[in-house]
Amino acid sequence: MKGKPLVSIVSAGLSKFGKLDGLYAREIFAEAAKEAFDRCPNLDPKKDIQALFIGHMGESYEHQGHTGATMADWAGLLHVPATRVEAACSSSGTALRAGIYAVLSGLCDVVMVGGVEKMTHRTTAEVTEYLAMASDYPFEQWNGITFPGLFALMATAHMHVYGTTEKQLAEVAVKNHFHGSLNSKAHMQKEITLESALSSRVIAWPLKLYDCSLITDGASCIVLTKPELAKRYTDTPVQIIGSGQASDTIGLYERENFTSLAAARLAAKKAYEMADVKPEDIDVAEVHDCFTIAEIIAYEDLGFCNAGEGGRLVESGETRLGGRIPVNTSGGLKAKGHPVGATGTGQAYEMYLQLTGQALGAQCWRFRRNSHGSHL
Amino acid sequence: MCEQTPFTIEQFYKHVRQGKLLGVKCKKCGKIHLPPRPLCDNCFSTEFEWVEIPKQGKLLTYTIIHVAPIQFQEMTPYAVGIVQLEKGIKIPGMIRGVPLEMIRIGMQLIMEFEECKPAQMWPQWSRYYFKSA
């Protein structure tokens with residue numbers, strides 16, 4: 001199935017990302033679902049949507065599990081088969097993968113995949129503890145290693161091995177805050193300076209406040225269907241032509257090295273092979289910048305540059321809007337925000353907007369008049 | 001040594017309480033696991049024996065935690081790192097007794113053990129940490 005569409009995205013929705021006081025996760029998800037329904041008048045949600053896959057990481061925030069059924073009900077999809085997917089920060093990315101399985105298996109014609117997280121009503125210490133649950137408990141959490149701490153361990157190693165600098169890390173933050181300033185749904189819509197990023201308080205050295213993504217509330221969703229049915233719903237479907245997924249040890253300490261993510265490399269290889277494209281064919285990308293070092297490592301693992309050159313790539317401006325390969329045009333997790341469960345399909349939402357020419361302020365010129373595109 | 005004990009993470013920490021660093025060696029393929037596992041991920045054997053792991057090693061990477069979970073807030077700022085021991089074993093741990101600005105990748109560290117009452121629960125349960133070798 002090299003280069004052939006696996007599934008088509010026919011609609012997408014995103015809630016406002018930010019500090020959404022007074023709202024429950026289910027209410028935020030309803031906002032995202034409503035946008036997806038409104039974008040696609042030919043879709044009859046109750047009749048057409050045959051399954052819902054929802055990414056959601058933590059029950060602790062709202063003392064609420066059982067997210068699949070809850071979100072289905074509040075999106076007006078009562079009784080639809082609803083499945084919650086938990087895979088830490090890739091929860092809704094993995095939900096998207098589950099949606100692809102469902103459609104490709106032939107079991108479903110149309111599915112909704114999405115994600116949600118409500119975080120900002122908790123203190124930073126509480127959020128730090130809940131996020132750390134995604135790390136190894138008996139060795140990493142017991143030794144006081146936080147999630148920023150894990151990425152800081154990777155940053156220190158990357159700086160040591162490749163000479164990556166704290167300034168290069170800050171350049172990721174400056175770029176993504178610039179992109180966020182163009183996105184009316186972003187949590188932070190203000191540009192920042194290199195000086196303010198470098199002088200922000202230390203969270204887990206060498207990572208400072210502006211190296212970290214935001215604690216954010218938000219929800220996202222997309223609607224998938226079989227490529228041969230896509231025209232029934234929209235004239236401008238976005239085709240998914242490659243998909244990859246992989247995993248690794250739960251403990252960072254057990255991995256082969258700390259300057260690269262083997263799972264990301266393996267997943268990218270699969271997706272490139274399936275899509276029959278090369279890294280240099282990619283025009284625009286959303287990558288997981290939970291911390292600035294993660295974006296630099298993603299450039300390398302996805303093949304946008306060689307290992308060790310990620311810091312120089314961001315410094316060159318090539319990943320900024322208008323550059324050779326704009327990365328995180330939405331503002332990324334850094335400025336758009338990181339409501340953990342909503343992030344994966346939130347990234348897919350941004351790619352849907354880009355490839356259909358609807359990204360407004362941060363629209364890449366390449367896709368301005370293009371009504372078709374492909375999403376990797 | 002300790003043939004009758006289960007090959008569990010809890011047992012690993014019971015050894016830590018006795019001031020011992022023990023991993024398990026697969027009797028079939030010889031792979032050493034630390035932490036211990038009930039199933040060898042290399043050959044799927046369930047036959048192991050406890051082996052002592054040398055406590056000294058080289059610091060591979062580190063960070064200084066300033067924003068900590070509630071249980072660790074009183075200790076901030078504190079250093080944690082990943083240490084390369086012999087036989088390919090890597091293990092994370094706190095680095096104590098070294099001025100934070102003196103910590104360097106590649107420095108030699110040695111494992112120490114905390115005194116701890118047996119009944120205490122995380123995060124007060126007995127733990128190991130690293131100090132300058």
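The values are calculated or read from the model by the stated rules, or taken from the named source; none is laboratory data. Given the structure is predicted, the values throughout are model-derived calculations rather than measurements. In this analysis, Cβ positions are derived from the backbone assuming ideal geometry, glycine residues included, and neighbour counts consider all displayed protein chains.
Just to verify a result, which residue in the range A:152-170, among those that are hydrophobic (A, V, I, L, M, F, W, C) and surrounded by fewer than 24 Cβ atoms within 10 Å (Cβ to Cβ), is nearest to the other protein chains (Cβ to nearest Cβ)?
The initial filter retains those residues of the range A:152-170 that are hydrophobic (A, V, I, L, M, F, W, C), namely A:152-155, A:157, A:159, A:161, A:169-170.
Subset that is surrounded by fewer than 24 Cβ atoms within 10 Å (Cβ to Cβ): A:157, A:159, A:161.
Numbers: A:Ala157: 4, A:Met159: 9, A:Val161: 9 Å.
Checking each candidate, the answer is A:Ala157.
Of all residues being within 10 Å of chain B (Cβ to nearest Cβ), touching a Pro at 6+ places or on another chain (Cβ under 8 Å) and assigned to a helix (DSSP H, G or I) in the range A:251-272, which is nearest to A:Thr146 (Cα to Cα)? Just the residue, please.
If we take residues in the range A:251-272 being within 10 Å of chain B (Cβ to nearest Cβ), touching a Pro at 6+ places or on another chain (Cβ under 8 Å) and assigned to a helix (DSSP H, G or I), then A:Leu252 is nearest to A:Thr146 (Cα to Cα).
Considering each of A:Ala69, A:Ala51 in turn, give the residue that is surrounded by 20 or more Cβ atoms within 10 Å (Cβ to Cβ) and either in contact with a strand residue (DSSP E or B) (Cβ under 6 Å, 6 or more places away or on another chain) or closer than 25 Å to A:Ser184 by Cα (or both). Quick ask: steps written out before the conclusion?
Working: A:Ala69 fails: surrounded by 20 or more Cβ atoms within 10 Å (Cβ to Cβ).
Of the residues listed, the single one that is surrounded by 20 or more Cβ atoms within 10 Å (Cβ to Cβ) and either in contact with a strand residue (DSSP E or B) (Cβ under 6 Å, 6 or more places away or on another chain) or closer than 25 Å to A:Ser184 by Cα (or both) is A:Ala51.
As an exercise: evaluate A:Gly337 against (1) surrounded by 19 or more Cβ atoms within 10 Å (Cβ to Cβ); (2) in contact with a helix residue (DSSP H, G or I) (Cβ under 7 Å, 6 or more places away or on another chain); (3) part of a loop (DSSP other than H, G, I, E, B) and give the number of the one condition it does not meet.
A:Gly337 satisfies all of (1) surrounded by 19 or more Cβ atoms within 10 Å (Cβ to Cβ); (2) in contact with a helix residue (DSSP H, G or I) (Cβ under 7 Å, 6 or more places away or on another chain); (3) part of a loop (DSSP other than H, G, I, E, B) except (2).
Out of the range A:178-236, which residues are out of contact with any Ser or Thr (no Cβ under 9 Å at 6 or more places or on another chain), in contact (Cβ under 8 Å) with a residue 60 or more places away in the chain and either of a type in the set (S, T, N, Q) or assigned to a strand (DSSP E or B) (or both)?
Selection gives A:Ser181, A:Ser184.
Being closer than 21 Å to A:Ser90 by Cβ and either within 21 Å of the chain's Cα centre (by Cα) or among the aliphatic types (A, V, I, L, M) (or both) is the requirement here; does A:Ile49 meet it?
On the way: closer than 21 Å to A:Ser90 by Cβ: no; either within 21 Å of the chain's Cα centre (by Cα) or among the aliphatic types (A, V, I, L, M) (or both): yes.
No: the conditions fail for A:Ile49.
Does A:His288 fit the bill of being farther than 23 Å from A:Gly357 by Cβ, surrounded by fewer than 24 Cβ atoms within 10 Å (Cβ to Cβ) and under 12 Å from the mean Cα position of the chain (by Cα)?
Numbers: farther than 23 Å from A:Gly357 by Cβ: yes; surrounded by fewer than 24 Cβ atoms within 10 Å (Cβ to Cβ): yes; under 12 Å from the mean Cα position of the chain (by Cα): yes.
Spelling it out, A:His288 is indeed farther than 23 Å from A:Gly357 by Cβ, surrounded by fewer than 24 Cβ atoms within 10 Å (Cβ to Cβ) and under 12 Å from the mean Cα position of the chain (by Cα).
Say whether the condition of being over 20 Å from A:Ala152 (Cβ atoms) and more than 15 Å from the chain's Cα centre (by Cα) is met by at least one residue in the range B:80-98. Step through it out loud before you land on a result.
First, the residues of the range B:80-98 that are over 20 Å from A:Ala152 (Cβ atoms): B:85-89, B:97.
Next, from what is left, pick out any that are more than 15 Å from the chain's Cα centre (by Cα): B:97.
Checked against the condition, which is being over 20 Å from A:Ala152 (Cβ atoms) and more than 15 Å from the chain's Cα centre (by Cα), the range B:80-98 yields at least one hit.
Could you list, in sequence order, all residues of the range A:90-120 that are among the β-branched types (Val, Ile, Thr) and touching a helix residue (DSSP H, G or I) at 6+ places or on another chain (Cβ under 8 Å)?
First, the residues of the range A:90-120 that are among the β-branched types (Val, Ile, Thr): A:94, A:100, A:103, A:110-111, A:113, A:116, A:120.
The answer is A:Thr94, A:Val110, A:Val111, A:Val113, A:Val116.
Considering only residues that are touching a residue at least 40 places away in the same chain (Cβ under 8 Å) and touching a Phe, Trp or Tyr at 6+ places or on another chain (Cβ under 6 Å), look in the range A:295-310 and name the one that is nearest to A:Leu214 (Cα to Cα).
A:Gly310
Confirm whether A:Met57 is assigned to a loop (DSSP other than H, G, I, E, B) and surrounded by 23 or more Cβ atoms within 10 Å (Cβ to Cβ). Walk me through how you get there before you give the answer.
On the way: assigned to a loop (DSSP other than H, G, I, E, B): yes; surrounded by 23 or more Cβ atoms within 10 Å (Cβ to Cβ): yes.
Yes; evaluated as a whole, the condition is true for this residue.
Can you give me the number of residues within the range A:6-31 that are part of a loop (DSSP other than H, G, I, E, B) and either modelled with pLDDT under 95 or of a type in the set (Asp, Glu) (or both)? Steps first, please.
In the first step, residues of the range A:6-31 are kept if they are part of a loop (DSSP other than H, G, I, E, B); the result is A:6, A:15-17, A:19-24.
Those still in the list that are either modelled with pLDDT under 95 or of a type in the set (Asp, Glu) (or both) too: A:21.
Residues in the range A:6-31 being part of a loop (DSSP other than H, G, I, E, B) and either modelled with pLDDT under 95 or of a type in the set (Asp, Glu) (or both): 1 in total.
Select, from A:Gly308, A:Gly322, the only residue that is over 18 Å from A:Ala155 (Cα atoms) and outside any helix (DSSP H, G or I). So that I can check it myself, show each step before the final result.
Details: A:Gly308 fails: over 18 Å from A:Ala155 (Cα atoms).
Answer to the selection: A:Gly322.
Can you give me the number of residues within the range A:93-150 that are of a type in the set (Phe, Trp, Tyr), over 22 Å from the mean Cα position of the chain (by Cα) and assigned to a helix (DSSP H, G or I)?
Initial filter on the range A:93-150 (of a type in the set (Phe, Trp, Tyr)): A:101, A:130, A:137, A:139, A:142, A:147.
Subsequent filtering for residues that are over 22 Å from the mean Cα position of the chain (by Cα) retains A:137, A:139, A:142.
Still in the running and assigned to a helix (DSSP H, G or I): A:142.
Total satisfying the criteria: 1.
Filter the range A:220-250 for residues that are of a type in the set (Gly, Ala, Ser) and in contact with a Pro (Cβ under 7 Å, 6 or more places away or on another chain) and give the result. Walk me through how you get there before you give the answer.
Step one: filter the range A:220-250 for residues of a type in the set (Gly, Ala, Ser), giving A:220, A:230, A:242-244, A:246-247.
The answer is A:Ala230, and nothing else.
Condition (residue is more than 14 Å from chain B (Cβ to nearest Cβ), β-branched (Val, Ile, Thr) and in contact with a Phe, Trp or Tyr (Cβ under 9 Å, 6 or more places away or on another chain)) applied to the range A:238-247: is it met by at least one residue? Working first, answer last.
Residues of the range A:238-247 more than 14 Å from chain B (Cβ to nearest Cβ): A:238-246.
From the residues that got through so far, the ones that are β-branched (Val, Ile, Thr) too are A:238, A:240-241.
Now narrow it down to the ones that are in contact with a Phe, Trp or Tyr (Cβ under 9 Å, 6 or more places away or on another chain): A:238.
Yes.
Give A:Met154, A:Met159 a once-over and let me know the one that is outside any loop (DSSP other than H, G, I, E, B) and out of contact with any helix residue (DSSP H, G or I) (no Cβ under 7 Å at 6 or more places or on another chain).
On the way: A:Met154 fails: out of contact with any helix residue (DSSP H, G or I) (no Cβ under 7 Å at 6 or more places or on another chain).
One residue alone meets the criteria, A:Met159.
Return the residues of the range B:55-76 that are assigned to a loop (DSSP other than H, G, I, E, B) and more than 29 Å from A:Glu256 (Cβ to Cβ); say none if nothing qualifies. Spell out how you get there, then give the answer.
First, the residues of the range B:55-76 that are assigned to a loop (DSSP other than H, G, I, E, B): B:55, B:66-69, B:76.
Selection gives B:Thr76 alone.
Only one of A:Ala95, A:Ala102, A:Ala88 is buried (at least 24 other Cβ atoms within 10 Å of the Cβ), more than 10 Å from chain B (Cβ to nearest Cβ) and modelled with pLDDT of 95 or more; which?
A:Ala95
For the range B:16-51, which residues satisfy the criterion of being within 17 Å of A:Arg255 (Cα to Cα) and in a strand (DSSP E or B)? Outline the logic, then answer.
Of the range B:16-51, the ones within 17 Å of A:Arg255 (Cα to Cα) are B:31-37, B:40-42.
Once the filter is applied, which keeps residues that are within 17 Å of A:Arg255 (Cα to Cα) and in a strand (DSSP E or B), the range B:16-51 yields B:Ile32, B:His33.
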